[in-house]
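Here the structure is laid out as structure tokens; the discussion comes afterwards.
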Amino acid sequence: MTQLLIIGVVIGAGIALGRSMKPLRLPAVTGYVFAGVLIGLFFKPSGETELILSTVSSSALAFIAYTMGTSLNLRELKKMGGGVIIVALTQAFGATLVTILTLTGLLGQPLELTLILGAIASTTAPAATLMIVRQYRANGPFTRTLLPVVALDDAIAIIIFGFSQIAVASMVSGKAIAAGLFLEPLATLGISAAIGFAGGLLLSYLARKATDEDSLLAITLGVLFVTVGITEYFGYSALLAGMVLGTVVTNLSSRNMAILNGIDRISYSLVISFFVFAGMGLNLELLPRLGLVGLAYVVARSVGKIFGAWIGGVSTRREPAVRKYLGLALLPQAGVALGLAASFDAGSPELAEKVRTIIVSAVIVFELIGPPLAKIALKLSGDIKEN
């Protein structure tokens, strides 16, 4: 199959199965993932094809990251107070702590394993959440809390994971932790944010020079792809850089809505492809390998997200719907979790392989059940209107 034929099949299958979810009252993103699973049963990309699919996915992730960043409007956040940050922290640490305590205390798993699984448990999939919000045009206090929390969540997760990996490496090697090592996760976060901030300033300046919508879109794509590409090249967080870029533009540029509308016009097919490719990468044969520890991870992470979001909502006096249902909307988990699991290296290949097996298997579960549960949360909150 030629590369263009593969991409065409991917987009067509995604649209078809996405629309088939409507009678079942399931979000379209579930159909996109199922389309990928079905294609993956018959076709496994390799070589040049895999590179092209990876490029399309990276482009889609850049759009998703930028759009998530636009939810961090400082004027709106100021009106909401510091509650959003507190909720983001409590739901992330809730998932981490409940996972560690469950796996270590109840199942007797080694702390080296549970620290890493707990750190990865804090991540949430921003793409799935954003797609569901857009599909159903969800709007209201719940959505205005959900999107900033999701945007902040992965930055928090990167820090938790960085510290956890350093601690686990020390346990495995038996050597004391050098104090300077704890600066590494903060440096990763800071450099990624700095690259995104610079990109945001550049785009805000160049947007003023654009004479029409077409030139504005071309400038936007150029700056966004260069920013994300530089971050990827040096091994930092492209997702965070894209989010910061979006945040800077939405707060500094008077043309922020025109930029966002331009991205929306061209990102639809790429985002569908992103989820279909994600489905193609899900190996259902791994599910039997999930095991008791994997099942406990799925349950503990879910409980931790729900309980942590509830604590944050209560302590900051958020709306009742936020307290009750926010954790349910934070259950989708995908790319960031897989990326952290793949990057884990603490000097123990056996431990790294176990972490990857559990996370890949758990992500399959969360990719399939997370989007429908997020839709239910938005519906129960009242932010999704009938018809």
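Do we have L295 as surrounded by fewer than 21 Cβ atoms within 10 Å (Cβ to Cβ) and either in contact (Cβ under 8 Å) with a residue 12 or more places away in the chain or under 18 Å from the mean Cα position of the chain (by Cα) (or both) here? Answer is no for this residue. Taken together, the residues in region 13-30 that are without any contact (Cβ under 8 Å) to a residue 40 or more places away in the chain, farther than 10 Å from V276 by Cβ and assigned to a helix (DSSP H, G or I) amount to 3. Here A337 meets the list (1) open to solvent by less than 20 Å² (accessible area, probe 1.4 Å); (2) under 21 Å from L380 (Cβ atoms); (3) in a helix (DSSP H, G or I); (4) hydrophobic (A, V, I, L, M, F, W, C) almost entirely, failing just condition (2).
Residues that are crowded, with 21+ Cβ neighbours inside 10 Å and either at positive phi or in contact (Cβ under 8 Å) with a residue 60 or more places away in the chain (or both) within region 307-318 comprise G308, A309, G312, G313, R318, listed in sequence order. Note on region 254-264: residues that are open to solvent by 50 Å² or more (accessible area, probe 1.4 Å) and closer than 15 Å to I64 by Cβ amount to 1. Per the listing A342, A278, the residue uniquely assigned to a helix (DSSP H, G or I), open to solvent by 60 Å² or more (accessible area, probe 1.4 Å) and modelled with pLDDT under 80 is A342. Of the conditions (1) closer than 17 Å to I120 by Cβ; (2) in contact (Cβ under 8 Å) with a residue 60 or more places away in the chain, A352 fails just one. Which one is it? Going through (1) closer than 17 Å to I120 by Cβ; (2) in contact (Cβ under 8 Å) with a residue 60 or more places away in the chain one by one, A352 breaks only (2). Within region 204-242, the set of residues being more than 17 Å from G69 (Cβ to Cβ) and among the polar types (S, T, N, Q) comprises T211, S215. The set of residues in region 196-232 being of a type outside the set (D, E, K, R), farther than 14 Å from I263 by Cβ, open to solvent by 40 Å² or more (accessible area, probe 1.4 Å) and assigned to a helix (DSSP H, G or I) consists of F197, A198, L201, L202, Y205, L206, V226, I230. Just one of the numbered conditions (1) of a type outside the set (S, T, N, Q); (2) over 30 Å from A377 (Cβ atoms); (3) in a helix (DSSP H, G or I); (4) open to solvent by 30 Å² or more (accessible area, probe 1.4 Å) is not true of L53: (4).
The values are calculated or read from the model by the stated rules, or taken from the named source; none is laboratory data. Only a predicted model underlies this, so the values are computations on that prediction, with no experimental measurement involved. Cβ coordinates were reconstructed from backbone atoms using ideal geometry, including for glycine residues, and neighbour counts include every protein chain displayed. Calculation scope for accessible area: heavy atoms of the full protein, side chains included, ligands and nucleic acids excluded. Shrake-Rupley method; radii C 1.70, N 1.55, O 1.52, S 1.80 Å.
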